[in-house]
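J.: Shown below is the structure under consideration.
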Amino acid sequence: MKALAVDSANTKIYIAAKNDDKIITSIFDIGMKQSETLLPAISYVLEQAKLTAEELDYTALCKGPGSFTGLRLGFAALKALELANGTHIYGVMSLDAYANAYMDFPQTIVSVIDAKKEKFYAVAYKNKNCILKAGDYEIETIIDSIKDSSKQDSKGIIVTGPDAKAFAEIAKEKLSGTEVLFTKTQIPSTDSLFEIAEKMIEKKEPPLSEYEGPEYMRASEAEENLTK
């Protein structure tokens, strides 16, 4: 299949184009400059994969949680392609995209994004079964949810996601006696976006509707200020 995948949920952006068995991936660690980079980067990976936007069978993106600005930019870019060419968009929870590469591992898998304010966006799996649904959590809530799982065997915990190291350091202190590993190098989330999206297509699951947007899991700071 021919496809485009975008993960702009964090300051490090992953963009990839797939032309059947050939995948071209670009990674941009650019802080808050996503708006200047995203569209030229999409054009670049399509060109390198020898694809045009009109040839795409589908697009896929991380739909949240993550950076409010980054998510909006990703949606805007792919919805423009949908409007121009009718290309369906498949949305994948960011945390699931980061966890996907480790789902066959025997350890408990915890996927995290730093949500600030001493909280993390997190999801946890054990043997491919969700033991903590994706949400915006206090650190203690996440630790409690994986504590029982980690006690059941000696396989330990793998923490993944863009803020794996920060959470793993906390978990090591609070889960003494449990081996806590973290992924030092993040596998490109776009690989998982392609894999998950094509499973959705195979199962005939619907793409995003035209009215669907990012799943933030938290009100923005501006929205919170309006309610005060």
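The values are calculated or read from the model by the stated rules, or taken from the named source; none is laboratory data. Since this is a predicted model, take the numbers as computed values, not measurements. Backbone-built Cβ (ideal geometry, glycine too); neighbour counts: all protein chains shown. All accessible areas refer to the heavy atoms of the entire protein, side chains included, with ligands and DNA or RNA removed. Shrake-Rupley method; radii C 1.70, N 1.55, O 1.52, S 1.80 Å.
J.: Give the Kirkwood hydrodynamic radius (Å, one decimal) of the stretch 75-117, defined as one over the mean of 1/r across all pairs of different Cα atoms.
T.: Details: mean 1/r = 0.0768 Å⁻¹.
Hydrodynamic radius (Kirkwood, Cα only) of the stretch 75-117 equals 13.0 Å.
J.: I've got another one for you. With a 10 Å cut-off between alpha carbons and a GNM built on the chain, which of 91, 64, 177 moves the most?
T.: 177
J.: At 1.4 Å probe size, with no ligands or nucleic acids counted, give the accessible surface of residue 218 in Å², nearest ten.
T.: 50
J.: Specify, per residue and in Å³, the volume enclosed by the convex hull of the alpha carbon atoms belonging to the stretch 26-100. Spell out each step's value before the answer.
T.: Details: hull volume 7.6 nm³, N = 75.
Measuring per residue, one finds 101 Å³ for the Cα hull of the stretch 26-100.
J.: Counting only Cα atoms, I'd like the Rg/Rh figure for the stretch 86-141, Kirkwood definition for Rh.
T.: That ratio is 1.05, to two decimals.
J.: Specify the angular offset, from 0 to 90 degrees and rounded to the nearest 10, of the alpha carbon long axis of helix 189-202 from the longest principal axis of the alpha carbons in the chain.
T.: Taking Cα atoms only, the helix is inclined about 70 degrees.
J.: Leaving out ligands, DNA and RNA, and with a 1.4 Å probe, what % of the accessible surface on the chain is carbon or sulfur? Kindly include the intermediate steps, with their values, before the conclusion.
T.: Values: 5750 of 11510 Å².
Roughly 50 percent, rounded to a whole number.
J.: Taking the solvent-accessible surface of protein heavy atoms with a 1.4 Å probe, what is the per residue accessible area of the stretch 1-132 in Å²? It would help to have the intermediate numbers written out before the result.
T.: Working: 5580 Å² over 132 residues.
Ligands and nucleic acids excluded, the figure is 42 Å² per residue.
J.: What ratio of Cα Rg to 2.2 N^0.38 Å holds for the stretch 57-193?
T.: Values: Rg = 16.0 Å, N = 137, 2.2 N^0.38 = 14.3 Å.
Ratio of Cα Rg to 2.2 N^0.38 Å: 1.12.
J.: So what are the ³J(HN,Hα) numbers for the stretch 138-145, from phi and the Karplus equation (6.51, -1.76, 1.60; θ = phi - 60°), rounded to whole Hz, Gly and Pro as x?
T.: Rounded to whole hertz, the list is 5, 4, 4, 5, 5, 4, 4, 5.
J.: Specify the angular offset, from 0 to 90 degrees and rounded to the nearest 10, of the alpha carbon long axis of helix 68-85 from the longest principal axis of the alpha carbons in the chain.
T.: The angle comes out near 30 degrees.
J.: Sticking with this one: Tell me the mean residue ellipticity at 222 nm calculated for the chain from its helices only (DSSP H runs of n ≥ 4, each -39500 (n - 2.57), averaged over every residue, nearest 500). Don't skip to the answer; put the middle values down first.
T.: Numbers: 7 runs with 84 residues, N = 228.
Using -39500 (n - 2.57) per qualifying helix, the result is -11500 deg cm²/dmol.
J.: Okay, next question. If you average the alpha carbon positions of the stretch 173-204 and of the stretch 99-149, how far apart do those two centres end up, in angstrom?
T.: 11
J.: Could you list the GluC sites (Glu not before Pro) in the stretch 26-83 that lie in coil according to DSSP, counting only those with at most 14 other Cβ atoms within 10 Å of their Cβ?
T.: Passing both the DSSP loop test and the Cβ count: no residue.
J.: Helix 34-48 versus the longest principal axis of the chain: what angle, 0 to 90°, nearest 10, using Cα atoms?
T.: On a 0 to 90 degree scale, this one is about 60.
J.: Another one. How large is ³J(HN,Hα), in whole Hz, for each residue of the stretch 161-166 in order, when computed from phi with the Karplus curve 6.51 cos²θ - 1.76 cosθ + 1.60 and θ = phi - 60°, using x for Gly and Pro?
T.: Per-residue couplings from phi come out as x, x, 10, 4, 4, 4 Hz.
J.: Something else: Considering the dipole of the chain built from charges on the beta carbon (Lys and Arg +1, Asp and Glu -1) around the Cα centre, which of 3, 142, 44 is farthest to its positive end?
T.: The residue sitting farthest along the positive end of the dipole is 142.
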